[in-house]
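K.L.:
Submitted below is the structure of interest, expressed as structure tokens.
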Amino acid sequence: MFKVNVNGENYQNETDMTLIDFLREELRITSVKNGCKEGACGTCTVIIDGKTTRACVQKLSRLEGKRIQTIEGFTEREREVFVYAFAAAGAVQCGFCIPGMVICGKCLIDQNPNPTREDIKQAIRTNICRCTGYTKIEEGILLAAKMLRENSKIPELKQTGKVGERTCRVDAREKTLGTAKYADDYSFDGMLYGKNVFSKYARAKVLSINIYKALKMPGVVAIYTAKNIPGNRYIGHLAQDWPGMIDIGEETKCIGDTLAMVVAETQEQAIAAAKAVEVEYEELKPICTPEEASTIGAPQVHGEGFMHSGKFRVPENNLFDHEEVKRGDVEAAFANSKFVVEGTFYLPPTEHAFMEPETAVGLPDGDGVKVITGSQGIYDEKHELSNYLGIPMEKVRIQSAYVGGGFGGKEDMSVQHQAALCAYLTKRPVKVFFSRQESINYHPKRHAMKIYCKLGCDENGILQGMKARITSDTGAYASLGGPVLQRACTHAGGPYNYQNVDIEGNAYYTNNPPAGAFRGFGVTQSCVVIEALINQLAEKAGFSGWELRYRNAIRPGQSLPNGQIADKGTAMVETLEAVKEDFEKYEADPNYYVGIASAMKNAGVGVGIPDIGRCNLKIIDGKVHTRSSAGAIGQGVQTVLLQIVCETTGLAPDQIIVEHPDTEYTPDSGTTTASRQTVFAGEAAHQSSLQLKADLDLGYTLEDLEGNEYIGEFDFKTDPIGSPKTNPVSHIAYGYATQLFILDKEGKVVKVVAAHDVGRAINPLSATGQVEGGVAMGLGYALTEDFPLKDGIPQAKLGTLGIFRSNQMPPVEVHLVEKNDPNMVTFGAKGVGEIVCTMGAPALQNAYYKKDGIFRCSLPLEDTYYRKPKLVKSRK
């Protein structure tokens, strides 16, 4: 018998287990989050005898006589102080890491009531946040310390919710206290646990799958294989090339392939039985690079073919997608150029490292299923699950839990289809969950790319033309590989005014983990290349990086390299002007090296693809229920919707309830991707709010309007890539930005200045948080993050990925540039979620070049303050 004291109460347990399992499974204390169970992320942090400790590395047998505290054990005042402080500071985004951060803050304040920001950085340095960039978390802890130290009254939040106000997140309380329910926090009577049997090899022929020994193990209810899938075995949003399970006689395509699903009464039983399933393989040599994939005679990863956009396809030479953007006469442009630069860049895959590993709960729902999920697009899942189970779509319901980060990595299905399958077949609730390593092995990454680019300008620094060849590794499955390649191509020219471009891109299948959507969506990669060459061209032509950009910056009425005419709200020049003083100051100071980069990023899917936002308002019990399927993954879209309703109707925030996505009653607003939901779901909310306002203006009260529903929908037609139009409209809008990264003499980043054209800031508090978080990602992409593979198998764990920590983060100075007419779509707002992480790598490449004269062409940048030569491993 093991005895423990939790929040002042004594408990005993017959089984020795990890503290995190005891707290979550036995006591149902779900503020303690399971982010990795490896001691690396800090989401499960608790206080033990006055010290912060990870619950996942503590066993009950070592805790007798010790006092354990979680947020549930705080005083009521402590809880309310942290709720106010974290809400007011904007510290909460996806929220999954926040309870662990609150625990660290409380423990620090108990020991040091008046901490400095540096004290706080040290206190939270072992806790990862992938969303915020840590700045606002630090500010939240500073504010909480001040309020507790001074015993001050908790202020009343007086918010109008109007557009432009620094409105606190609608879910800040629940996320701060840890009461927000993510998928893994749900539990049901009679719930079973499903566990994947994954392939041992990236590429192997499956000769046999023996489940009989595992079936006899304690608690095992069922084991399913490919033959048990009642519908179409192949999933995928665009290309249906991803088998839910690999069958006997087939080849595995990556380490994340599932061979069987074990269903058992407990997690431990499911894990044990999954290990006991016996698989016989014929190991085959994997295809590890696009160069190998495109070699004549190479094995074909998808030689059997697949369905793509309603057509059956068999790729040749493993080529999944080819894209082109061509305008003008590039060779003539180079001939007319006084200065020309060129280079080939190597950009690695990147792991999203969202703090919440994938989990879904499948529930029998009559003769259909309901799935509780944490994803970026519930209607994509509804369509795919209907197909996978072979049942009508009306028999599938998807309900979104809180989502612990996504960044694109939760656009594809991972556990949802298996949870649905197991629940459908067992007729009992089934939770399917990934360990952190399984998550790393499975979900699509940022695409590794090799990009060659050539760029020329005249003697005045005016750009003449560019040529690019992009080779993308889309991994084992297509995922969003086509659209990512499109975006890399359409943005490869940068935010400048010239029309001679010759851009071609190819995406190849390999046996590496699949690659798909990741914040920046292809622009992250192409921005590295064009911006590094812009800086090199500036030096060659005798201009500063700022001056060359200013001379070429796209201005309203001019044409972008892809042909689209820049609208009146284009504020690329204004972002440069916002950073000019800092650029010139640090450029002139011999103690610093300043790197500069600019970017543009589309809002909306664009390129001719249907793109519809929806948001309905329904009056229930005197409240306005705001309903959209727009996935809330930490970017703050639910608060944006609330503000748009408040602005349009004049109602107060406490009269509005923003509901979670649920296919039962929230309309299809598409996937949270492409920086689109603020613009598209936001304008849909504006349209439905105008209808409600018309009724309110007639003198009706909300009580009078009980049961009324107001339907909001917005779409925008665009032209496909390769359109023959002289000036095609690729996207509804572009955001523009310029960032500076400043190094000291040691090569340490000491400051970042980020100027972003956001059109109109619906919520400046959230917008600055997005910028700070994106800067942190940009720093990691440039300096520390890597995703090494061996024979297609990831070699990294969460703790070795190189994610930036709080004590590494420099101060970030944010300038929000607002130029759009407030009468435009969504009050003039543009999406800002993706562009924020695209400039860090090229700006830092530039800064280090100024420091040591080495022009680096691969990431992470080698021989820097953050990556010493002795630690550098060649990628060749």
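K.L.:
Since E581 meets every condition but one in (1) over 27 Å from E381 (Cβ atoms); (2) over 28 Å from the mean Cα position of the chain (by Cα); (3) buried (at least 17 other Cβ atoms within 10 Å of the Cβ), which condition does it not meet?
P.N.:
Going through the list (1) over 27 Å from E381 (Cβ atoms); (2) over 28 Å from the mean Cα position of the chain (by Cα); (3) buried (at least 17 other Cβ atoms within 10 Å of the Cβ), E581 breaks only (3).
K.L.:
Counting only residues that are farther than 15 Å from D185 by Cα and under 30 Å from the mean Cα position of the chain (by Cα), give me the strands (runs of 3 or more DSSP E) lying completely in the stretch 1-72 with at least 1 of them.
P.N.:
45-48, 51-54
K.L.:
Would you be able to say whether some residue in the stretch 391-404 is within 22 Å of R519 (Cα to Cα), part of a loop (DSSP other than H, G, I, E, B) and out of contact with any strand residue (DSSP E or B) (no Cβ under 8 Å at 6 or more places or on another chain)?
P.N.:
No, the stretch 391-404 contains no residue that is within 22 Å of R519 (Cα to Cα), part of a loop (DSSP other than H, G, I, E, B) and out of contact with any strand residue (DSSP E or B) (no Cβ under 8 Å at 6 or more places or on another chain).
K.L.:
Just to be sure I understand, how many residues within the stretch 133-184 are assigned to a helix (DSSP H, G or I), surrounded by fewer than 18 Cβ atoms within 10 Å (Cβ to Cβ) and over 29 Å from the mean Cα position of the chain (by Cα)?
P.N.:
Matching residues across the stretch 133-184 total 3.
K.L.:
For the stretch 454-512, which positions are crowded, with 24+ Cβ neighbours inside 10 Å and polar (S, T, N, Q)?
P.N.:
The answer is S472, T474, S479, Q486, T490, T510, N511, N512.
K.L.:
Filter the stretch 612-634 down to the residues that are assigned to a loop (DSSP other than H, G, I, E, B) and either under 17 Å from I378 (Cα atoms) or of a type in the set (D, E) (or both) and list them by number.
P.N.:
C615, D621, S628, S629, A630, G631, A632, I633, G634
K.L.:
Quick one: T53 ticks every box in (1) within 22 Å of I137 (Cβ to Cβ); (2) in contact (Cβ under 8 Å) with a residue 24 or more places away in the chain; (3) not aromatic (F, W, Y) except a single one, so which number is it?
P.N.:
(2)
K.L.:
Taking the stated definitions as given, is E818 within 29 Å of P764 (Cβ to Cβ), at pLDDT 95 or above and surrounded by fewer than 19 Cβ atoms within 10 Å (Cβ to Cβ)?
P.N.:
no
K.L.:
Could you figure out which of (1) closer than 16 Å to E664 by Cβ; (2) in contact (Cβ under 8 Å) with a residue 40 or more places away in the chain; (3) buried (at least 22 other Cβ atoms within 10 Å of the Cβ); (4) not charged (D, E, K, R) isn't true of Q399?
P.N.:
Q399 satisfies every listed condition except (3).
K.L.:
Those residues that are closer than 19 Å to L560 by Cβ and surrounded by 15 or more Cβ atoms within 10 Å (Cβ to Cβ), I need them from the stretch 317-349; list them, please.
P.N.:
Of everything in the stretch 317-349, those that are closer than 19 Å to L560 by Cβ and surrounded by 15 or more Cβ atoms within 10 Å (Cβ to Cβ) turn out to be E323, V325, R327, G328, V330, A333.
K.L.:
Let me ask something else about it. Taking Y201 as the residue in question, decide whether it is of a type in the set (F, W, Y) and either at positive phi or under 27 Å from the mean Cα position of the chain (by Cα) (or both).
P.N.:
Criteria not met by Y201.
K.L.:
Let me ask something else. Would you confirm, using the coordinates I've provided, whether S688 is under 22 Å from Q93 (Cα atoms) and among the polar types (S, T, N, Q)?
P.N.:
So S688 fails the test.
K.L.:
Kindly provide the set of residues from the stretch 633-665 that are crowded, with 24+ Cβ neighbours inside 10 Å and in contact with an Asp or Glu (Cβ under 8 Å, 6 or more places away or on another chain), ordered by number.
P.N.:
Q643
K.L.:
Please go through the stretch 88-103 and give me each residue that is surrounded by 24 or more Cβ atoms within 10 Å (Cβ to Cβ) and part of a helix (DSSP H, G or I), ordered by number.
P.N.:
Result: I98, P99, G100, M101, V102, I103.
K.L.:
Continuing with the same structure: If you check A767 against the conditions, is it closer than 29 Å to K851 by Cα and either modelled with pLDDT under 95 or out of contact with any Gly (no Cβ under 8 Å at 6 or more places or on another chain) (or both)?
P.N.:
no
K.L.:
Tally the residues that are under 24 Å from the mean Cα position of the chain (by Cα) and under 14 Å from I721 (Cβ atoms), restricting the search to the stretch 492-504.
P.N.:
The number of residues fulfilling the criteria is 1.
The values are calculated or read from the model by the stated rules, or taken from the named source; none is laboratory data. Everything numeric here is computed off the predicted structure, so don't read it as measured data. Cβ coordinates were reconstructed from backbone atoms using ideal geometry, including for glycine residues, and neighbour counts include every protein chain displayed.
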